[in-house]
Amino acid sequence: MKLVIKVIPSAKENKVEKENGKLKVYVKAKPQKGEANKAVIEVLAKYFNVKKSQIRIIKGFSSREKIVEIKI
């Protein structure tokens with residue numbers, strides 16, 4: 001399954017919200033050295049109840065708009 005998500009780095013808490021058919025992923029991590037991307041994978045793994053290894057970022061490594069693939 002592929003999803004388009006919007007990432008909000010440096011948030012107060014890690015959470016996922018649905019908004020206009022997209023997922024907004026809030027992460028505490030700063031967008032430096034891939035920290036926010038790692039946090040996004042962790043938050044999505046908890047949200048979808050899958051292992052972190054089942055989630056990968058396909059597009060948008062340095063952007064707030066990302067396409068992620070989740071293998072279920």
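The values are calculated or read from the model by the stated rules, or taken from the named source; none is laboratory data. Predicted model only: the values in this text are computed from it and were never measured. Don't worry about glycine lacking a Cβ; one is built from the backbone with ideal geometry, like all the others, and counts go over all protein chains shown. Accessible surface areas use protein heavy atoms only, side chains included; no ligands, DNA or RNA. Shrake-Rupley method; radii C 1.70, N 1.55, O 1.52, S 1.80 Å.
Of note:
- Filter result (closer than 13 Å to Val7 by Cβ and either in contact with a helix residue (DSSP H, G or I) (Cβ under 9 Å, 6 or more places away or on another chain) or loosely packed, with under 14 Cβ neighbours inside 10 Å (or both)) within region 43-54: Leu44
- Hey, Ile57 open to solvent by less than 80 Å² (accessible area, probe 1.4 Å), without any contact (Cβ under 8 Å) to a residue 24 or more places away in the chain, of a type in the set (A, V, I, L, M) and in contact with a strand residue (DSSP E or B) (Cβ under 6 Å, 6 or more places away or on another chain) or not: yes
- The lone criterion from (1) open to solvent by less than 60 Å² (accessible area, probe 1.4 Å); (2) under 21 Å from Ile72 (Cβ atoms) left unmet by Ala29 is number (2).
- Here is the figure for region 7-33: residues that are in contact (Cβ under 8 Å) with a residue 12 or more places away in the chain and part of a loop (DSSP other than H, G, I, E, B) total 11.
- Condition met for Val40 (touching a residue at least 24 places away in the same chain (Cβ under 8 Å) and open to solvent by 30 Å² or more (accessible area, probe 1.4 Å)): no
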